[in-house]
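Derivation of every value follows stated rules applied to the coordinates shown; laboratory data play no part. These figures come from a predicted structure and were not determined experimentally. Every residue, glycine as well, gets a Cβ built from its backbone with ideal geometry; the counts of neighbours run over all protein chains shown.
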Amino acid sequence: DISVEFFPVLLTEFPLTTQSDREKTCRMMFEGLGVPALYMAPQSLLALLSSGRVTGCVVDCGYDVTHTVPVFEGHCLPHAVRQLGLGGQDVTAHLALLLKESGAQFSRTTQEHDTVTIIKEQMCYVSTDPSSEIATTIIGSTDADYQLPDGQMLRVGSERFRAPEILFSPQTVRMVTQGIPNLWHLLLDNAVLAGGSSLLPGMGHRLREEASALAPPGCRVGPVPVMDTAWLGGSLLSSLSIFGDMCISALEYQEMGSNVIHHKCF
């Protein structure tokens, strides 16, 4: 067993976490768990670090929310962070709706969500040209069969790429245009994908095309590697020789209280 009383703790946090929530977490770690040192870092920053970069734009598409987070020289730019209330669960829900519209029936409602989630993870992908691909599905070239838990076979066609399209709604695309003009070339040339929904096949290529269409003239959009990731970035950060100095010590917490989190972790 490993006791937290003997090791510094690195916690990841969402972008735009409120100051009161950060302070509450800080108090819980020092007063409740008795950690000797603490550091909190945005998971988007850690995802970027795992790719060997300190400047870039992280698109973190998670379960219920998607963030676009500009990072410059190792610091997130909170005033430029954008949050969209769409994520993997919305893709799953949209897929379930599309399947039902095409006649799919699930024998047990309690298993429906789990079944549709598996179908999404195994069969869905992001199309680079949805309009053209819909024409292709007329001849059934994209159809695939999935065996339901009760043994029935379910034919899945255009739903495979139509469900993830919810992530590329006009609201999502519009967010990308609200960055920092003088950092466009640095951020877009170092774009990184993170989060569970980023694992959908074709996601990186589609995002690159969408960003290229919106970028200012002369601004190159680099490859979009999928980094799985915050854990790896955290491992790299915590292995640095200066990590101990970056952390909030128990003594610093005693002297400054939970407000110290805003001075050392930003």
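Put simply, the range 88-165 fits an ellipsoid with semi-axes of 21, 14, 10 Å; these come from the alpha carbon gyration tensor as the roots of five times its eigenvalues, largest first.
Using r as the Cβ-Cβ distance of residue 24 and residue 250, and R0 as 22 Å, what FRET efficiency do you calculate, to the nearest 0.05? Taking R0 as 22 Å, the efficiency between residue 24 and residue 250 is 0.80.
For residue 33 and residue 101, the difference between the fully extended length at 0.36 nm per residue and the C-alpha to C-alpha distance is 19.5 nm.
The distance between label points at residue 214 and residue 128 comes to 2.0 nm (points 7 Å beyond Cα on the Cα→Cβ vector). Taking the charge dipole of the range 88-165 about its Cα centre, with +1 at Lys and Arg Cβ atoms and -1 at Asp and Glu Cβ atoms, the residue from 134, 98, 151 reaching farthest to the positive side is 151.
Dipole magnitude for the range 88-165: computed about the Cα centre from +1 point charges on Lys and Arg Cβ and -1 point charges on Asp and Glu Cβ, it is near 120 debye. Taking amide H as placed 1.01 Å from N in the peptide plane, residue 58 has its amide H under 5 Å from the amide H of 69, 71, 192, each at least 5 places away in sequence or on another chain.
Using the Cβ atoms and a cut-off under 10 Å, what net charge is assigned to the surroundings of residue 160, where Lys and Arg are +1 and Asp and Glu are -1? Cβ neighbours under 10 Å give a net charge of -1. 3J(HN,Hα) couplings calculated from phi for the range 92-103 with the Karplus curve 6.51 cos²θ - 1.76 cosθ + 1.60 (θ = phi - 60°) are, in sequence order, 4, 5, 5, 5, 4, 5, 5, 5, 5, 5, 8, x Hz; Gly and Pro show x.
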